[in-house]
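Q: Here it is, the structure in full.
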Amino acid sequence: MFNRLTTQLLKELTDIVGSHCINTDEERLEVYSHDEVKGEKYKHMPEAVVFAESTKQISKVMAFANQHLIPVTPRGAGTGLSGGAVPIKGGIVLSLERMNRIVELDEETLTITVEPGVITDEIQKMAAASGLLYAGDPCSSDASFIGGNLAENAGGNKVVKYGPTGDHVMGIEVVLPDGTVDFFGGKLVKNVTGYDFINLMVGSEGTLGIITKIILKLIPLPEFTVDLLVPFKTVEEAIAFVPKIMIEAHTIPASLEFMDNASLRLAERFLNNELPYSDSAAHLIIGIEGNGREQVADEYEKIGQMCFKYGAQEVFVADNRNTREKIWKARKSIAEAISAFYPDFCMEDVVVPINKIPQLMSFVNELSQREHIETVNFGHAGDGNMHVTFLSAEKTDKIWNDKVEANLKQLYKRVLELGGTLSGEHGIGIKRMPYLPMALSQSQISLIKRVKRAFDPNDILNPGKIC
Ligand SMILES: Cc1cc2nc3c(=O)[nH]c(=O)nc-3n(C[C@H](O)[C@H](O)[C@H](O)COP(=O)(O)OP(=O)(O)OC[C@H]3O[C@@H](n4cnc5c(N)ncnc54)[C@H](O)[C@@H]3O)c2cc1C
């Protein structure tokens, strides 16, 4: 049903965007044929990449694509872990990398307005320079773009206290698949005027519209931050402790991260750096933020004492920038370390209610032993969101692919039994699409398809994704 970009159509497209905004060189196209998901089956070459420079230009590209039935795949930084930015049906990859301006920081409304190609870290830095916090903090924040964060409703290290990306979005400009430009929301704390299209766009993985401008909420930057690094002798003890912090210490930490021994070792090897107690079966990172020095000290002392009561081997207090950075560098480098040391892997993103993490982790342990598959486990324990990762020491082949598929099915089945779901933050994309019917009913899937048709009747925007 889609058309290819013939020489004539390519000429028309070049006339629309200008020759400096389009590329069809094979070598260049290759870069835009995949994201961070491993494996040849998650690669597909586009016919052209358009480097968008303005909303107006994107609107014209979409009108052209809609008229000629050419698929368009929006792309941020390509750090996605679901194949969402892969142009599985060919056509145009629409890169947002040149739309990277911070438009305005408005201290009076506590908002920052940005284009979609701004790197997440830049937003955090700009806000911090004004004594404000942008609380979105995925581990890929030094590379991923804010537009990609919205499209995936990215989570990260501060969700437990501040919520995922969507919780920080107040307004968005969107180009719809037919080229119409619309604006949803504004610098408004509340808004129930019509359906909540912002929250429909957030997490829609680039299938409903292209996000071209974003108003984000900022909050006052906490004055004091302390991170605790807490080793445990067993994974079970570490994981069982997670819900206790919130229930018994009456505290919502800013971060509550989990690393098993294998993931910690990989990070250490990757960074050529050592963390204390690296023989321990598991480490938690517990972040505490607040405005009073004494209040923060009280909280971390209370949590520290609880750690010992629940079996911690030690509690390391990182209260200066250097030690805090060392801990977070290790945590944030795990995904990159896996990619560096394993020719193939399958990184998952399952999420369960936080009181079910112990059952999830004991199932993963059993699965790994029973099926003889190496795993590494880490993640956002405070959100019940674990990155269970299957590792292969060999390059991909059919045997490995079949083995991963069989193990994924077992993992998802157990996660669903525990009241969880397939993805907490990485999205469905193409990678998890075959498994969606395990998690959603037929009527839910049909509703997704009907919403998609309402926005994009010709199915030209990021086709072949989600369901
Ligand atoms: C080392 C590493 C660590 C990571 N850590 C985390 C983490 O802690 N938490 C987390 O949630 N994720 C994490 N991720 C996954 C990834 O970084 C996030 O999903 C991120 O939000 C993707 O942003 P991107 O700019 O790279 O988007 P891309 O990968 O380019 O695209 C992702 C999806 O968004 C769509 N899209 C991109 N821009 C737009 C736009 N402007 N309008 C509409 N659709 C758009 C694309 O079509 C695609 O479907 C990690 C990835 C890596 C490699």
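The values are calculated or read from the model by the stated rules, or taken from the named source; none is laboratory data. As the structure is a computational prediction, the values presented were derived from the model and not from experiment. Neighbour counts run over all protein chains shown; Cβ positions are idealised from the backbone, glycine included. Each accessible area value is taken on the protein alone, full model and side chains, heavy atoms only, with ligands, DNA and RNA left out. Shrake-Rupley method; radii C 1.70, N 1.55, O 1.52, S 1.80 Å.
Q: By how many nm would the segment from residue 442 to residue 467 grow when fully extended, if each residue of separation counts as 0.36 nm and the alpha-carbon distance is taken off?
A: Full-extension gain reported as 7.9 nm.
Q: With Kirkwood's inverse mean 1/r over C-alpha pairs for Rh, give me the Rg to Rh ratio of the stretch 84-128, two decimals please. Don't skip to the end; give the middle numbers.
A: Working: Rg = 14.3 Å, Rh = 12.3 Å.
Rg/Rh for the stretch 84-128 comes to 1.16.
Q: For the residue pair residue 45 and residue 128, what label-to-label distance in nm results when each label sits 7 Å from Cα along the Cα-to-beta-carbon direction?
A: With each label placed 7 Å out from Cα toward Cβ, I get 4.2 nm.
Q: Once you have a ≥ b ≥ c as the square roots of the Cα gyration tensor eigenvalues for the stretch 96-197, tell me rounded if a/c is under 1.5, and otherwise prolate or oblate according to whether a/b is larger than b/c. All intermediate terms of the calculation are to be shown ahead of the outcome.
A: Working: a/c = 1.40, a/b = 1.24, b/c = 1.13.
It is rounded, given that a/c, with a ≥ b ≥ c, falls under 1.5.
Q: Mean separation of Cα pairs under 8 Å and 6+ residues apart, divided by the residue count of the chain: what relative contact order is that in percent?
A: Values: 973 pairs, mean separation 74.4, N = 467.
Reported relative contact order: 16 percent.
Q: Still on this structure, I have one more. Assign unit charges at the C-beta atoms only (+1 for Lys and Arg, -1 for Asp and Glu), then state the dipole size of the chain relative to its Cα centre in Debye, rounded to the nearest 20.
A: Values: 47 positive and 62 negative charges, 214 e Å.
The calculation lands at about 1020 debye.
Q: P(r) for the chain, please, calculated from all Cα pair distances in 10 Å bins and given in %.
A: In whole percents, the pair-distance histogram is 4, 20, 29, 26, 15, 4, 1, 0.
Q: Right, here's the next one. Find out how many positive minus negative residues lie around residue 246, taking Lys and Arg as positive, Asp and Glu as negative, among other residues whose Cβ is under 14 Å from that of residue 246. Walk me through the numbers on the way to the answer.
A: Values: positive: 161, 244, 302; negative: 248, 299, 383.
Once all neighbours under 14 Å are counted, the net charge is 0.
Q: Separate question: For residue 329, give me every one of the aspartates and glutamates with a C-alpha distance below 18 angstrom, ignoring sequence neighbours fewer than eight places off in its own chain.
A: Answer for residue 329, where 18 Å is the Cα cut-off: 121, 122, 137, 142, 227, 257, 260, 268, 274, 319, listed by chain and number.
Q: Find the accessible area per residue for the stretch 352-412; the probe is 1.4 Å, ligands and nucleic acids are left out, and the unit is Å². Walk me through the intermediate numbers first.
A: Values: 2630 Å² over 61 residues.
Per-residue value: 43 Å².
Q: Roll a 1.4 angstrom probe over the protein heavy atoms and tell me the percent of accessible area of the stretch 269-393 that is carbon or sulfur. Before the final figure, lay out the partial values.
A: On the way: 2520 of 5610 Å².
Ligands and nucleic acids excluded, carbon and sulfur reach 45 percent.
Q: Label residue 103 and residue 365 with points 7 Å out from Cα along Cα→Cβ: what is the distance between them in nm?
A: My value for the distance between the label points is 5.1 nm.
Q: For the stretch 216-295, what is the Kirkwood hydrodynamic radius in Å, using each pair of distinct C-alpha atoms? Present the calculation step by step, with values, prior to reporting the outcome.
A: Values: mean 1/r = 0.0707 Å⁻¹.
About 14.1 Å, per the Kirkwood formula over Cα pairs.
Q: Now for a different question. Report the Cα centroid-to-centroid distance between the stretch 276-298 and the stretch 79-128 in angstrom, as an integer.
A: 31 Å
Q: Determine the share of the stretch 64-174's accessible area contributed by carbon and sulfur atoms, expressed in whole percent, with a 1.4 angstrom probe. Mind dumping the intermediate values first?
A: Details: 1540 of 3350 Å².
Its accessible area is 46 percent carbon and sulfur atoms.
Q: I would also like to ask the following. Excluding ligands, DNA and RNA, what is the solvent-accessible area per residue of the stretch 115-175 at a probe of 1.4 Å, expressed in Å²? Walk me through the numbers before you get to the answer.
A: Values: 1620 Å² over 61 residues.
Ligands and nucleic acids excluded, the result is 27 Å² per residue.
Q: Once the other residues with Cβ under 13 Å from the Cβ of residue 452 are scored (Lys, Arg +1; Asp, Glu -1), what is the net sum? Walk me through the intermediate numbers first.
A: Details: positive: 449, 450, 453, 465; negative: 205, 456, 459.
Charge balance in the 13 Å sphere: +1.
Q: Which net charge results when you count Lys and Arg as +1 and Asp and Glu as -1 among the other residues whose beta-carbon is under 12 Å from that of residue 133?
A: Around residue 133, the surrounding residues sum to +1.
Q: Can you tell me how much longer the chain between residue 192 and residue 167 gets when fully stretched, taken as 0.36 nm per residue apart minus their C-alpha distance, in nm with one decimal? Don't jump to the answer; show the numbers that get you there.
A: Numbers: separation 25, 0.36 × 25 = 9.00 nm, distance 1.53 nm.
Extra length from residue 192 to residue 167 when fully extended: 7.5 nm.
Q: Something else: Per DSSP H run of at least 4 residues, take -39500 (n - 2.57); add these up for the chain, divide by its residues and hand me the 222 nm value, nearest 500 deg cm²/dmol. Walk me through the intermediate numbers first.
A: On the way: 16 runs with 171 residues, N = 467.
Per the formula, -11000 deg cm²/dmol.
Q: Longer than 32 Å from Cα to Cα, which of 326/403; 125/449; 56/89; 356/403 are they? Say none if no pair is. Numbers along the way, then the final one.
A: Working: 326/403 36 Å; 125/449 39 Å; 56/89 25 Å; 356/403 26 Å.
326/403; 125/449, as the Cα separations exceed 32 Å there.
Q: Now for a different question. Using only Cα atoms, locate the centre of the stretch 233-250 and the centre of the stretch 151-176, then give the distance between them in Å, rounded to an integer.
A: Centre-to-centre (Cα) distance: 27 Å.
Q: Rounded if a/c is under 1.5, else prolate if a/b beats b/c, else oblate: with a ≥ b ≥ c from the C-alpha gyration tensor eigenvalues square-rooted, which is the stretch 342-433?
A: On the way: a/c = 1.78, a/b = 1.48, b/c = 1.21.
Cα axes put the stretch 342-433 in the prolate bin.
Q: Keeping to pairs on different chains or 8 or more places apart, tell me how many lysine pairs in the stretch 139-279 have Cα atoms under 15 Å apart.
A: Details: 158/217; 161/217; 187/213; 187/217; 190/217.
For the stretch 139-279, qualifying lysine pairs total 5.
Q: For the stretch 1-149, what is the charge dipole size about the Cα centre, in debye to the nearest 20, if Lys and Arg each add +1 at the Cβ and Asp and Glu each add -1 at the Cβ? Don't skip to the end; give the middle numbers.
A: On the way: 13 positive and 21 negative charges, 135 e Å.
Dipole size: approximately 640 debye.
Q: Still on this structure, please answer the following. Give me the one-decimal nm value for the distance between modelled label points at residue 1 and residue 121, 7 Å along each residue's Cα-to-Cβ direction.
A: Here the modelled spin labels are 4.2 nm apart.
Q: Rounded, prolate or oblate: which one fits the stretch 7-97, using the alpha carbon gyration tensor with axes a ≥ b ≥ c (rounded when a/c is under 1.5, else prolate when a/b beats b/c, else oblate)?
A: Working: a/c = 1.84, a/b = 1.69, b/c = 1.09.
It comes out prolate by the Cα gyration axes.
Q: Show me 258-264, 53-59 ranked by packing, highest mean number of other Cβ atoms within 10 Å first. List each step's numbers first, then the result.
A: Values: 258-264: 23.9, 53-59: 17.9.
Answer by packing, highest mean first, reads 258-264, 53-59.
Q: Just to be sure I understand the curve: with the Debye formula and one point per C-alpha of the stretch 138-183, what is log10 I(q)/I(0) at q = 0.13, 0.29, 0.33 Å⁻¹?
A: Evaluating at q = 0.13, 0.29, 0.33 Å⁻¹ gives log10 I(q)/I(0) of -0.36, -1.07, -1.21.
Q: Let me ask another. Give the residue from 117, 165, 212 lying farthest towards the positive end of the charge dipole for the stretch 102-220; charges sit on Cβ (+1 for Lys and Arg, -1 for Asp and Glu) and the dipole is referred to the Cα centre.
A: Value: 165.
Q: Something else: Give the aspartates and glutamates reachable from residue 395 as a straight Cα distance under 13 Å; neighbours fewer than 8 places away on the same chain don't count.
A: Qualifying aspartates and glutamates at Cα under 13 Å: 40, 344.
Q: Subtracting the Cα-Cα distance from 0.36 nm times the residue separation, let me have the gained length for residue 273 to residue 449 in nm, one decimal. Kindly include the intermediate steps, with their values, before the conclusion.
A: Values: separation 176, 0.36 × 176 = 63.36 nm, distance 4.82 nm.
Working it through step by step, the gained length comes to 58.5 nm.
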